[in-house]
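Here's the structure we're looking at; comments come further down.
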Amino acid sequence: MRTCILLILLLACSADGARAQFGSVIGRVVDARSTEPLADANVTLTSIGEQRGTATDALGRFTFTNITPGTYELAASHVGYVTSTLTIEVAFGQIVSVDTRLDPAPEDLEEVVVEADASAAESVGRFHIDAADLERIPLPDVSGDLASYLLTRPGVVSPGDRGGQLFIRGGTPAHNLVLLDGMRVYQPFHIVGFYSIFPSDLVARADVFAGGFGARYGGRIGSVVDVRSRNGNKQRVTGAISMAPFLASVHAGLPFVPGAVSLVGSARESIIERLSPGLLGRELPYRFGDRFVKLHAYLNTTSSLSLTLLNSFDEGNIAGLAGRDRFSRWINTSAGGRYTYLHPETAIMTEIEAYGTHYSSRFIPSDDEERTSDITSYHGEMHVGYLLDRLDVHFGFFGSTHLMAYNLGTRDADVSENVTEAGVYAYVPWDVVESLHVEPGVRIQTFTNGIGTSVEPRLRGTWSPGGILDRQRFTGALGIYHQQLLGLNNQRDVTDAFFAWVPNPRFSPLPRSSHVILGTSRALLPYLSVSVDLYRRSLRNVSFALLDLGVQQRALRRPAPLERVDGSARGIDLTLELTRSHLYLYAGYSLSAVTYRLERERERVRPDDEGVLHTSVQQTDDTFSAPHDRRHQLNLVAQLAFGSYELSARWQIGSGLPFTPIHGYVDLPVPEPNDRDHLSGAGPQRASFGEAYSKRLPTYHRLDVSAERSFDFEGWGLVVHAGIVNVYDRANIFSYDLLLNRRIDQFPIIPTVGMKIQLDG
Amino acid sequence: MDSRPWHIVPLLALAFLTACDNTIDPVVDDGTHAFAITGYLDMGADTQFVRIAALRQPEPSASTPVPRSVVTTRLSTHEIVVWQEASASAGDVSSAGGIPSTGEAASRRDHVFFAPFRPAAGASYVIEIRDSGTGALKGFTSVPDAPAIEIDAPRVFGGDVSQRLAFDGIAEPARVRAAYNLHVGSPQRGARVEVDYDARFYSSAGNRVEIFVPYDLDFERVRQEVMDRFGGPPIILERMELTVRALSREWLSPATATNIENGEGFFASVGEFTASWSIADSTAERIGFDAGP
């Protein structure tokens, strides 16, 4: 800690020195129409004989320091926008603040801008998503959605089209950190797998770190999905109403104080449970929806405040059964705020955020049993960014407390526990030379459960041999991660979406993961890019509710006890992306292997040479495929736009997920030692399990298509949608019910129509 | 080298066929785990019984395994006993707790086998069940060793009379039963009244069980049963017996089933050990019995 303070003081002193001789330029780049901040915009500062460049951060901010006094041309550019240039004067010791508004570009200019951006599209396990990306994936809806988009990415696996579970590069849903405007959301994906709480109408941008994420993020050992919602239009009223077979929604934006304060609201509610009997001739008993409100205010030219409120709900029988058996329900409620301050005289940016979030989950496996889990988390964080020239220093402090109550079945008593974690982090984005960017960091956390304090080093780096605009880029990342909260899910049964959030057992090592990623990307043509990522994760002490490998008599439908497994996830992700003004083609392929290893003691009873039985204890090391280990997955996406028409198609194929086969069923009763009742009658039904996860389900593949036409009128627009989910009616298996010998298939062919009326702000 | 990509055609065809296959086979078909067993060897019985069932399959199968050979071997002496089938009856599907209600399930058959022998204390046995063409299910069990028995003298506290016995070498008794061997009525007839003790009357720690025979509490029950069944008085106490049934280790953790190979179920043994003693006439009279002739 002393070292940190010294470092901060040293940086502060050097800043004072710099301020005495040089000037600085700070500012923000926003969309001229919506006033949304534009991230990753290129900003250059040019003078005679000198040019410097940078990119805006997630809030559209940029900083140049140590600027020699003089006259400069400041240029800001971004994909899909007209480049803006202006002339500024920088005097000794002066901080020049510039807000730049970019106008959307006409269509024929888009390719020119894309050319410069193609090689920078992705880097080392991270991909950046904006609303336009979401619209490219066909959905049974008029709007795009983050869930459907993520499922096209290599390394992202879903067990089916319901349940709301995403596995990213071998990590389980409980290993994913999902943030909406900085708020943690425990279950962001709806029960119907096409949908999340992040529709394209709300998403301003999303950064997905499939692994190797930096020191800013922690508390999870898998991946990060960091979503920033739109701030809303501060000039005009906007709004939209849409209806499609699955979902009806209303969205509105209001300039509360024109130019300064905006209010955005959205409400969505499923209608498929009411329409499906008439539309499909069968019931799809899935009910879900969400509500979202955000207030965003520019308090002045250097500070802003946003307040966000989110509520979502899901319920239904994921196994598709009638009645209450296997009924699931979960509810998210989150509220929080973020204050951002950019000091007008120094290059220091400060963010303060706080939120509370509650997640409640219920699962009824049978008439006489209900499993419950409630978790309430409170989080506070202060982030400081010291924005220098080639080197930024970011650090922050955070603290969280989590209150949990859970019950894993009627045979167990309710349990209430709470845990707290706190820590500091620091990371330094540094342009070592023009061709090399590195971001070393460290996150130090202490947990009330677990052993000791964790020190988590992180490193990300990018090398562009020919400089920042080189078409070839090499990337790498590594890091160590720990997780205190365990999301227990019965891994044996994919129709069980119930997650019980429980703390890591006291004085027990925390789940730990280390990531290594190496990647490269190349712009083959100005509009065609290819990228390759190799990754490896090692996993330690990962919680896993597992059928007991040494016990083959455990009754079905009981939650298995907590097991700890080690393991690894490794693979290669390939993407090929073509982006023209009227045509978008995408191919993503992943080859991966996720294996778990369970060390345990197993007893065996055997006779010796003299006919005496002995019990020997053997250390066994069982290695098996994780239940989400999809070895091959290929996604193809195409979007063709001409005039007011837009056609989209997506085809996905994936190798089958592993499952545990059975030898058969047993229902013989265990005898009582004083009678012979066991010679007749039946005991409880049990399955005799074979080797864990040693067989695989059939291959999964599905084609979705959609067509949209837009009509523009004065001040409003209309979008008409038609599509087909599962065009060739592939009976993709969702799960196999061992007890009832019944396969549960995913959605059949579903034709959809929809429309959206939007008030064009 | 032929650069034409013909070699990719069979690969693509294979991938296509794999993608088209939409069947799921949930069963391990390695020929093991054909049977399940439930039963135990009982030192207290002259004839032993086990129940055997073929594991039921999710889909109807034309060839349900049948236990054609059931054999036990005493491991120390290699003494072999061949079991015989007692009955073969259709199971009651409706009471089978959710068995797939297909036509195949209705024809499910269980098999009860018996063998006329009494297992020996401390001996180890293996039971092997075979069908032609499948691996044998093997179950191992060791009958509990005979315990060392300590019998204290009866103790008198006021009007109460009790007696302590200790069985060294038994962890947890399955049943503790006292037997009052009597002479009843005139002319005298032999009579026997048995009283089961629950856990209030014994304690177990480690491999030792201590049992308290509460003569005064037993007496009213013994007397009433004698009056109902045999008439009387007089009721003369001839001899006492105390029988303890001891469990083999498999009963203590049945879920682990580490003693069964290539199959499922439960197989164990029960030892039965009896202590016998006489009580002085004066003590018997104090309890309430009549004096002998």
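None of the figures in this text is laboratory data; all of them are computed from the coordinates on show. Nothing here was measured: the structure is a model prediction, and the numbers come from that model. All Cβ positions, even for glycine, are placed from backbone atoms using ideal geometry, and neighbour counts span all protein chains on display.
Observations
- Residues with amide H under 5 Å from that of B:A146, placed H, sequence gap 5 or more: B:G122
- Just so you know, the Rg over Rh for the range B:182-293 is 1.15, from Cα atoms, with Rh as the Kirkwood radius.
- A crude spin-label estimate for the pair A:L86 and A:Y378, with each label 7 Å from Cα along the Cβ direction, gives 4.3 nm.
- Relative to the longest principal axis of the Cα atoms of chain B, helix B:215-229 runs at roughly 90 degrees.
- Residue-averaged beta-carbon neighbours from other chains (10 angstrom radius) around A:609-616: 5
- The slack between A:S508 and A:Q235, meaning 0.36 nm per residue of separation minus the straight C-alpha distance, is 92.8 nm.
- For the range B:8-61 versus the range B:171-234, the spacing of their alpha-carbon centroids is 50 Å.
- Amide H contacts of B:R175: B:R245, each under 5 Å away and 5 or more positions distant or on a separate chain (H built 1.01 Å from N in the peptide plane; Pro and chain starts excluded).
- Annotation: extensible slack from B:S63 through B:A153 equals 26.1 nm (criterion: 0.36 nm per residue apart, minus Cα-Cα distance).
- Beta bridge orientation in chain A: antiparallel %, DSSP, nearest 5: 95 percent
- Our Cα-only numbers for the range A:570-615 put the radius of gyration and Dmax at 27.3, 84 Å.
- Shielding by partners for peptide B:52-59, expressed as the average number of C-beta atoms from other protein chains within 10 Å of each residue's C-beta, is 5.
- In the calculated pair-distance distribution of the range A:332-462, the portion above 25 angstrom amounts to 48 percent of the Cα-Cα pairs.
- Formal net charge of residues neighbouring A:S625 (Cβ-Cβ distance under 13 Å; K, R +1; D, E -1): +3
- Here the simple spin-label model places points 7 Å from the Cα toward Cβ, and for A:W430 and A:R676 these points are separated by 8.4 nm.
- Neighbours of A:Y149 by Cβ distance under 11 Å: Lys/Arg scored +1, Asp/Glu scored -1, total -1.
- Along its principal axes, chain B has C-alpha extents of 112, 39, 35 angstrom, given from the largest down.
- A Förster distance of 30 Å, applied to the separation of the beta-carbon atoms of A:D609 and B:V82, puts the FRET efficiency at 0.80.
- Local net charge near A:S306, Cβ-Cβ under 13 Å (Lys/Arg +1, Asp/Glu -1): +1
- For the range A:188-203 and the range A:711-761, distance of Cα centres in Å: 13 Å
- Those residues of the range B:167-190 whose amide nitrogen sits under 16 Å from the label point placed on B:L252, 7 Å along Cα→Cβ: B:167-175
- Between the Cα long axis of helix B:8-20 and the first principal axis of chain B there is an angle of about 40°, rounded to the nearest 10.
- Over all pairs of different C-alpha atoms, the range A:608-761 has a mean inverse distance whose reciprocal, the Kirkwood radius, equals 21.3 Å.
- Cut-off under 5 Å, modelled amide H: who pairs with A:L510 long-range: A:I451
- All Cα pairs of chain A, percent lying beyond 42 Å: 30 percent
- Membrane-span-like helices of chain A, defined as complete DSSP H segments with a Cα extent of 18 Å or more along the helix axis and a mean Kyte hydropathy of at least -1.0, are identified as A:2-21.
- Dipole in debye (nearest 20) - the protein assembly as shown, about Cα centre, beta carbon charges: Lys, Arg +1; Asp, Glu -1: 760 debye
- For q = 0.13 Å⁻¹, Debye-computed log10 I/I(0) when each Cα of the range A:188-240 counts as one equal scatterer: -0.46
- Percent of beta bridges antiparallel (DSSP, chain B, rounded to nearest 5): 90 percent
- Förster radius 25 Å - calculated FRET efficiency between A:S694 and B:D21, Cβ distance, rounded to 0.05: 0.90
- Value of Rg/Rh across the range A:216-288 [Cα atoms, Kirkwood radius]: 1.18
- Nearest-0.05 FRET efficiency for A:T623 and A:L576, computed from C-beta distance (R0 22 Å): 0.10
- Phi angles across the range A:402-408 convert, under the Karplus curve 6.51 cos²θ - 1.76 cosθ + 1.60 with θ = phi - 60°, into 3J(HN,Hα) values of 10, 9, 10, 9, 8, 9, 8 Hz, Gly and Pro given as x.
- Of interest is the spacing of the C-alpha centroids, which for the range A:128-168 and the range B:140-164 amounts to 73 Å.
- With both labels modelled 7 Å from their Cα along Cα-to-Cβ, the A:T446 to B:E241 distance reads 7.1 nm.
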